[in-house]
Amino acid sequence: MASLDALGRQAAEAHCWRLGAYLGLRRCHYPTCRNRALKWRREGGSSAISSGSISGSGACLVSHRHKVVPLAFTNMAFQDARQHEVAFCAEVKSWSDSLFQRDLNLPFDSAAIEQYGQGTRKRQDLRVYARAGATRGRLALCGEVKLPGTAFGGSPFNPALLQDAYEKATNIACQFFFTWNVEHLALFDRSLWDRPLHEQCIGQWHLGEALNHPSDVTRPSIIEKIRDDFLPRFYRDFGEILTGDRRSFAKPPDEFYISVLESHLAGPMGPVRITREYLDSKAAKDSFFDVQLRTWMLKAQQWNFDRGDPGSWQETIDRAARSMVYVLNNRILF
């Protein structure tokens, strides 16, 4: 029977390779992943470099013992993601303006989009202005929106995204700023300047839906939930902070640490979701692997499930993926 480490290693090779095929992979700790990536590059997989290329390094999704380096999006992938981002931000601005006009109890006048902020990269900078009588008041909030499934859309606590949002807010003298990957929004207060950047977080808001691709934000059910539930809830809470009725929605330190870790591990393109997809796909195609996986679930983990029930199986697959990723993460950290 395959061990937890063996199953986890197989999943790591598979999803690390898949990320490499999407972003462009420079090197990998796992032989299977490395060889596939090299073959992909030799065959011209990384030849189409976008003028808006994205570079930088990130830790391996599961092992954290090597580096996955996003070299560049292809022109098609980059432009597709940008089009979705521009369109989504325009929709959020429209929904926000409509909400501010309907609900005069909210202390906000209007929203605006700045496409060329003063940070290191050109991004969609969403801004919200306070209400001042019948006119637009001071800038109350600014932030970065990155869609799920993109290079910086995995977590609102992505270091590069967070630093860029902070620098933009500093340059335009805005006290409050946010980072948002549509699934998860984190709000920060620059007046807490004597604390590390992560500790300036004064609240987090969740959509309550799993999004894995930029096009997911165009689904009617997601649009409705953002427009009619998420945005009103966030603006109501932030309005209390802006007016001084409440200082913060921050979590206690232990809960905050867990939420940040969870956002990196289980967020869009995170190891939990990619491992879960790999296990499900591999078990459906490989009967031997399916038997190994079910034996490990039943005997090693003592989980009860119905393989013939799609709901039960998906729930168990998710449990298995989380177990593999979290156990490995704990071994790395402790």
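The values are calculated or read from the model by the stated rules, or taken from the named source; none is laboratory data. Everything numeric in this text was worked out from a predicted model, so none of it was measured. Every residue, glycine as well, gets a Cβ built from its backbone with ideal geometry; the counts of neighbours run over all protein chains shown.
Return yes or no: is Leu192 free of Cβ contacts under 8 Å to residues at least 24 places away in the same chain and in contact with a strand residue (DSSP E or B) (Cβ under 9 Å, 6 or more places away or on another chain)?
Numbers: free of Cβ contacts under 8 Å to residues at least 24 places away in the same chain: yes; in contact with a strand residue (DSSP E or B) (Cβ under 9 Å, 6 or more places away or on another chain): yes.
Taking the combined requirement at face value, the residue satisfies it.
Look at Arg236 and say whether it is surrounded by fewer than 15 Cβ atoms within 10 Å (Cβ to Cβ) and under 16 Å from Val128 (Cα atoms). When the stated conditions are applied, Arg236 passes them. Against the condition polar (S, T, N, Q), under 28 Å from Ser323 (Cα atoms) and without any contact (Cβ under 8 Å) to a residue 24 or more places away in the chain, how does Gln302 come out, does it pass? It is true that Gln302 is polar (S, T, N, Q), under 28 Å from Ser323 (Cα atoms) and without any contact (Cβ under 8 Å) to a residue 24 or more places away in the chain. Listed conditions (1) assigned to a helix (DSSP H, G or I); (2) under 30 Å from Leu99 (Cβ atoms) are all met by Pro268, apart from (1). Restricting the range 92-137 to residues that are of a type in the set (Asp, Glu) and either in a strand (DSSP E or B) or under 20 Å from Ala165 (Cα atoms) (or both), the residue that is modelled with the highest pLDDT is Asp109.
For the range 271-317, the candidate set comprises residues that are among the basic types (Lys, Arg) and part of a helix (DSSP H, G or I); within that set, the residue that is nearest to Pro148 (Cα to Cα) is Arg273. Scanning the range 191-244 for residues that are of a type in the set (Lys, Arg) and either within 20 Å of Phe157 (Cβ to Cβ) or at pLDDT 95 or above (or both) gives Arg195, Lys225, Arg227, Arg233, Arg236.
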